[in-house]
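As structure tokens, the structure follows; a few thoughts come after it.
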Amino acid sequence: MSQDDVDVVRDQFAATNERDFQRAMSYYAEDVELVVHPDAFLDAGTFRGRETVGEYFGNWLSTFAPGYRFDITEARDLGGVVLLVASHHGRGRTSGAEVHGQTAYLYKVRGGKIARAELYPDRAAALRAAGLRG
């Protein structure tokens, strides 16, 4: 892991906030694995391959109105994985209701591409998964 790996993850979030979905997905390896833990989102499961992961994220983001964004509150190397914590806020596309929350992620980066992403409901859960105390 290096600062470059942390930057890959930060850049992917920046592209997502800019709604440049093609660029956001270009940060993922072809054989990426996404693990969404049950307490993190309704559509929990394991998703494999860039196309499948892209469909998952595309479907998820389509439920929110333009302007929905992620603000990174923490991004750092934990020695083998990148921890990223982000608040997210905006409006639902259909209801217009204000939506906000915080999610934590663990990323493995290989060769400058995200090879694995794990989504957790909060920072403490991600740290426990990484073998650290929250």
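The values are calculated or read from the model by the stated rules, or taken from the named source; none is laboratory data. This is a predicted model, so every value here is computed, not measured. Note that we place each Cβ from the backbone using ideal geometry, even for glycine, and neighbour counts take in every protein chain shown. Ligands, DNA and RNA are excluded from the accessible area calculation, which covers all protein heavy atoms including side chains. Shrake-Rupley method; radii C 1.70, N 1.55, O 1.52, S 1.80 Å.
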Considering segment 99-121 alone, what residues qualify as being at pLDDT 95 or above, open to solvent by 60 Å² or more (accessible area, probe 1.4 Å) and either part of a helix (DSSP H, G or I) or within 19 Å of Asp43 (Cα to Cα) (or both)? Arg116
Please identify the pairs in which a residue from segment 1-20 that is more than 17 Å from Leu61 (Cβ to Cβ) has its Cβ atom under 9 Å from the Cβ atom of a residue that is open to solvent by 50 Å² or more (accessible area, probe 1.4 Å) and assigned to a loop (DSSP other than H, G, I, E, B), counting only partners at least 6 apart or on another chain. Met1/Gly79
Is segment 103-113 home to any residue that is without any contact (Cβ under 8 Å) to a residue 12 or more places away in the chain and touching a strand residue (DSSP E or B) at 6+ places or on another chain (Cβ under 7 Å)? no
In segment 11-98, which strands (runs of 3 or more DSSP E) lie fully inside it and hold 2 or more residues that are within 15 Å of Glu118 (Cβ to Cβ) and open to solvent by less than 40 Å² (accessible area, probe 1.4 Å)? 28-36, 82-91
Could you check how many residues of segment 123-134 are touching a residue at least 24 places away in the same chain (Cβ under 8 Å) and either more than 23 Å from Asp31 (Cβ to Cβ) or part of a loop (DSSP other than H, G, I, E, B) (or both)? 5
